[in-house]
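K.L.:
Mind looking over this structure? Questions follow.
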Amino acid sequence: MSELRNLRVALLGSGSVGSQVARLLLEHSEELSARIGAKLELAGIAVRNLDAKRDVELPQELYTTDAERLILGADIVVEVMGGIEPARTLILTALQQGSDVITANKALLAAHGEELQAAADRVGAQLSYEAAVAGAIPIIRPLLNSLAGDNIKRAMGIVNGSTNYILDSMDRFGQTTEEAMKIASDLGYLEADPTLDVEGYDAAQKAAILARIAFHTELPADAVYREGITKITAEDIATAKQNGQTIKLLAVVERVEREDGSEGVSARVYPALISREHPLAAVHGGKNAIFVEAESAGELMFYGAGAGGVETASAVLGDLVSAARRHVAGGPGVSFKSYANLPVLTIGEILTAYQLRLTVADQPGVLQQIAGVFAENNVSLATVQQSPSKDTADAATLVIGTYRAREAELKATLERIAALDAVLSVDSTLRVAEVSA
C-alpha cells in the first residue's frame with residue numbers, strides 16, 4: 001500500500017474552539033486520515049501569548065507567536081482567533097499562497113466576505129465557514145449544496161444562544177431580564193461586551209452571512225435592520241403567554257416581492273412573538289435553530305448547539321475534512337457566486353404584523369379614537385384586549401394586534417397613536433413572526 005500524502009494544517013487561535021480543534025485533530029488523526037485518504041499534520045498553533053492558560057493541555061512545542069511563518073507552507077489554514085485584524089490579513093496571506101482557509105469568524109465574514117471570496121477565487125483556493133453562523137448546526141453546506149437546485153424563500157431562526165437563554169429563562173422560570181442576563185454571564189454565554197449579544201449585533205452578522213448564501217447577494221452587516229432584547233419586560237412575556245405565544249430574538253432573511261413586482265432581499269433581527277405551536281418556540285436554553293422555507297423542498301428546520309468549544313469544533317473539522325478531500329481529489333476550490341445582486345430593502349418596505357400594548361385613560365371613546373387612527377393609515381385591527389391597568393389609576397391596558405401591513409405605515413400609525421391625549425403611554429411594540437409570507 002502506498003504511503004498516504006501529508007497535508008499540513010496551520011491553526012490560528014487556541015481559545016475554546018481552537019483548543020478543541022487541535023485536540024480532536026491529534027486524538028482522531030488515524031480515523032480522519034482514513035476518511036480523507038491523506039494524513040493531517042497539525043503544523044502549529046499561532047497564539048498571542050505562549051504562557052496563557054489553555055482549556056486543553058496540548059504539546060507546548062506546537063505553539064508559536066509567529067502566525068505568518070506558520071502559514072507559509074501550510075496546505076490548509078484554520079482561523080478561530082476572531083476579530084477583524086490581524087485575522088483578515090492572515091487569511092488573505094494564506095489564500096494568496098493558495099492555501100485553503102476554514103474560519104469561524106462571523107464578524108470578519110460579514111464585513112469582508114466578498115473580499116476574502118475574491119482572493120480565494122483568484123488562486124482556486126477554498127474558503128469555508130460552516131461554524132460562523134450556527135456553531136455545530138450544519139446550515140451553510142445545506143444551503144450551498146443540498147438546496148443548490150431549489151429557491152430559498154426565507155430563512156428565519158434563533159442564531160444567538162445567549163439571548164435565547166435569557167428570553168427562555170424569563171418565559172419558563174419567571175426571571176427578570178437582569179437576573180437572566182447575570183446567570184447567562186456567569187455561565188459564559190455572553191460575550192465580554194454583552195451588547196454584542198443583547199443588542200443583536202452578533203445575530204445581525206450571522207443574518208448577513210445567511211442572506212448572502214441563500215440569495216446570492218452581497219449584504220453587509222450594517223444593512224441588516226437590528227433591534228435587541230433589552231426592552232423586553234416581564235409584562236411582555238406574560239402577555240405573550242396569555243396569548244399562546246413566546247418571544248424569541250429572530251434573524252429573518254427573505255426574498256421579498258416589492259409593490260412594483262420586482263424582487264429584493266430583506267435581512268432583519270428583532271425580538272418577535274411566535275406561536276407556541278411553531279417549532280422555533282420549542283428551542284430552549286442556549287440552543288439555536290434555523291427554519292428554512294424553500295420553493296420545492298418546503299419547510300426544513302436545523303436545530304442544535306449554536307456555540308460551545310467542542311460543538312463548534314465539530315463544524316470546523318467538517319470543513320477541514322472537506323478541504324482535505326479536495327486536495328486529494330485535485331481541482332480548484334468551489335467558488336461561491338453572488339450573481340443575483342438583489343437590492344437590499346429597508347425595514348419600511350416589509351410587510352409584518354404588530355402587537356401593541358398601551359396604557360390609556362379609562363374613559364368612553366378611547367378605543368374608537370385609536371381604531372380611527374388605524375383606519376386612516378390603512379392598518380387593520382386583528383385583535384383587541386382590554387383590562388384595568390395594574391400600575392395606573394383610572395387607566396386601562398389595551399393589547400392590540402394588527403394584520404400585516406407595511407412597516408412604514410405601522411410606524412406612522414404608532415406615532416399618531418402615541419400623540420393622542422387619551423394614550424398615556426406606549427408600553428410595548430412587538431412584531432408577530434409568520435412562517436409564510
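The values are calculated or read from the model by the stated rules, or taken from the named source; none is laboratory data. Note that the structure is predicted; figures quoted are calculated from it, not measured. Every residue, glycine among them, receives a Cβ derived from its backbone with ideal geometry; neighbour counts consider all protein chains shown. Keep in mind that these areas ignore ligands, DNA and RNA; they rest on the heavy atoms of the full protein, side chains included. Shrake-Rupley method; radii C 1.70, N 1.55, O 1.52, S 1.80 Å.
K.L.:
Can you compute log10 of I(q)/I(0) for the chain with the Debye formula, treating each Cα as one identical point scatterer, at q = 0.06 Å⁻¹?
P.N.:
Once normalised to I(0) and log-transformed, intensities are -0.30.
K.L.:
Mind checking which of ALA134, ILE76, HIS112 is farthest towards the positive end of the chain's charge dipole, using Cβ charges of +1 (Lys, Arg) and -1 (Asp, Glu) about the Cα centre?
P.N.:
ILE76
K.L.:
Related question: Quick check for you: with a 1.4 Å probe and neighbouring chains kept, what is the accessible area per residue of the chain, in Å²? Could you put the intermediate results ahead of the total?
P.N.:
Numbers: 19320 Å² over 437 residues.
That works out to 44 Å² per residue.
K.L.:
Give me the distance in nm between label points sitting 7 Å out from Cα along the Cα-to-Cβ direction at THR392 and GLU295, one decimal.
P.N.:
It works out to 4.9 nm between the two label points.
K.L.:
Springs between alpha-carbon pairs under 10 angstrom, Gaussian network model over the chain: which of ALA418, ALA223, ALA87 fluctuates most?
P.N.:
Of ALA418, ALA223, ALA87, the most mobile in the Gaussian network model is ALA418.
K.L.:
Same structure again: Where Lys and Arg each count +1 and Asp and Glu each count -1, what net charge lies around ASP193 among other residues with Cβ under 11 Å from its Cβ?
P.N.:
Details: positive: none; negative: GLU191, ASP197, GLU199, ASP202.
Here the charged neighbours net out to -4.
K.L.:
A further question on this structure: Could you give the size of the charge dipole of the chain about its Cα centre, using +1 on the Cβ of each K and R and -1 on the Cβ of each D and E, expressed in debye and rounded to the nearest 20?
P.N.:
Details: 38 positive and 57 negative charges, 140 e Å.
Roughly 680 debye, rounded to the nearest 20.
K.L.:
In addition: Over the Cα atoms of region 1-151, Rg to Rh with Kirkwood Rh, two decimal places? If you can, show how the numbers build up before the last one.
P.N.:
On the way: Rg = 15.6 Å, Rh = 16.2 Å.
Over the Cα atoms of region 1-151, Rg/Rh equals 0.97.
K.L.:
Rounded to the nearest 500, what is the chain's calculated 222 nm mean residue ellipticity when only DSSP H runs of at least 4 contribute -39500 (n - 2.57) each, over all residues? Walk me through the numbers before you get to the answer.
P.N.:
On the way: 14 runs with 152 residues, N = 437.
Estimated from H runs of four or more residues: -10500 deg cm²/dmol.
K.L.:
Here's another thing I want to ask about it. Between ALA251, ALA148, MET181, whose Cα lies farthest towards the positive end of the dipole of the chain when Lys and Arg beta carbons carry +1 and Asp and Glu beta carbons carry -1, centred on the Cα centre?
P.N.:
Final value for the positive-end residue is ALA148.
K.L.:
Leaving ligands, DNA and RNA out of it, rank TYR403, TYR354, TYR339 by accessible area with a 1.4 Å probe, largest first.
P.N.:
On the way: TYR403 130, TYR354 5, TYR339 155 Å².
The ranking, largest first, comes out as TYR339, TYR403, TYR354.
K.L.:
Determine the percent antiparallel among the DSSP beta bridges restricted to region 233-344, to the nearest 5. Mind showing how you got there, number by number?
P.N.:
On the way: 21 of 22 bridges.
Taking every DSSP beta bridge within region 233-344, about 95 percent pair in antiparallel fashion.
K.L.:
While we're here: Distance between Cα centroids, region 63-129 to region 281-336: provide it in whole Å.
P.N.:
19
K.L.:
What is the sum of charges, Lys and Arg at +1 and Asp and Glu at -1, for the other residues whose Cβ falls under 11 Å from the Cβ of SER14?
P.N.:
Numbers: positive: ARG23, ARG48, LYS53, ARG54; negative: ASP55.
Computed value for this residue: +3.
K.L.:
Show which aspartates and glutamates lie in cross-link reach of LYS182 when reach means a straight Cα distance below 17 angstrom and same-chain residues fewer than eight apart are skipped.
P.N.:
Cross-link targets: ASP168, ASP171, GLU191, ASP193, ASP197, GLU199.
K.L.:
Another question, then. Holding the Cα-Cα limit at 25 Å, pick out from LYS241/LYS287; LYS337/LYS411; LYS241/LYS390; LYS153/LYS206; LYS287/LYS337; LYS248/LYS411 the pairs that are longer than that. Please report the intermediate quantities before stating the final value.
P.N.:
Working: LYS241/LYS287 21 Å; LYS337/LYS411 36 Å; LYS241/LYS390 17 Å; LYS153/LYS206 17 Å; LYS287/LYS337 31 Å; LYS248/LYS411 21 Å.
The answer is LYS337/LYS411; LYS287/LYS337.
K.L.:
Got the relative contact order for the chain handy, in percent, Cα pairs under 8 Å and 6 or more residues apart? Don't skip to the answer; put the middle values down first.
P.N.:
Values: 919 pairs, mean separation 69.3, N = 437.
Here the relative contact order equals 16 percent.
K.L.:
With a length cut of 27 Å (Cα positions projected on each helix's long axis) and a Kyte-Doolittle mean of at least -0.5, go through the chain and give me the DSSP H helices that pass. Numbers along the way, then the final one.
P.N.:
Numbers: long enough: 309-329 (30 Å, 0.53).
Correct list, ordered by number: 309-329.
K.L.:
Could you give the Stokes-Einstein D for region 189-278 in µm² per second, using the C-alpha Kirkwood radius, 37 °C, 0.692 mPa s?
P.N.:
Working: Rh = 14.4 Å.
Result for D is 228 µm²/s.
K.L.:
Next question. For the chain, what is the percent of antiparallel DSSP beta bridges, rounded to the nearest 5?
P.N.:
Values: 55 of 80 bridges.
Here the share of antiparallel DSSP bridges comes out near 70 percent.
K.L.:
Could you give the length gained by full extension between ILE84 and ARG404, i.e. 0.36 nm per residue of separation minus their alpha carbon distance, to one decimal place? All intermediate terms of the calculation are to be shown ahead of the outcome.
P.N.:
On the way: separation 320, 0.36 × 320 = 115.20 nm, distance 3.90 nm.
In short, 111.3 nm is gained.
K.L.:
Here's something else I'd like to know. Per Stokes-Einstein, at 37 °C and 0.692 mPa s, what whole-number D in µm² s⁻¹ belongs to region 269-415, with the Kirkwood radius over Cα pairs as the hydrodynamic radius? Mind dumping the intermediate values first?
P.N.:
On the way: Rh = 20.5 Å.
The calculation lands on 160 µm²/s.
K.L.:
Something else about it: Top to bottom by accessible area (1.4 Å), largest first, where do SER146, SER380, SER33 land? Spell out each step's value before the answer.
P.N.:
Numbers: SER146 95, SER380 70, SER33 15 Å².
The residues order as SER146, SER380, SER33, largest area first.
K.L.:
On to the next question. First select every other residue whose beta carbon is under 11 angstrom from the beta carbon of ALA412; then total the charges, Lys and Arg +1, Asp and Glu -1. Please list the in-between numbers first.
P.N.:
On the way: positive: ARG406, LYS411, ARG416; negative: GLU376, GLU407, GLU409, GLU415.
For residues surrounding ALA412, the net value is -1.
K.L.:
Follow-up question, since we're still on this one. If ARG226, ARG431, ARG48 are ordered by their accessible area, calculated over protein heavy atoms with a 1.4 Å probe, which sequence runs from highest to lowest?
P.N.:
Values: ARG226 80, ARG431 10, ARG48 175 Å².
Solvent-accessible surface, decreasing: ARG48, ARG226, ARG431.
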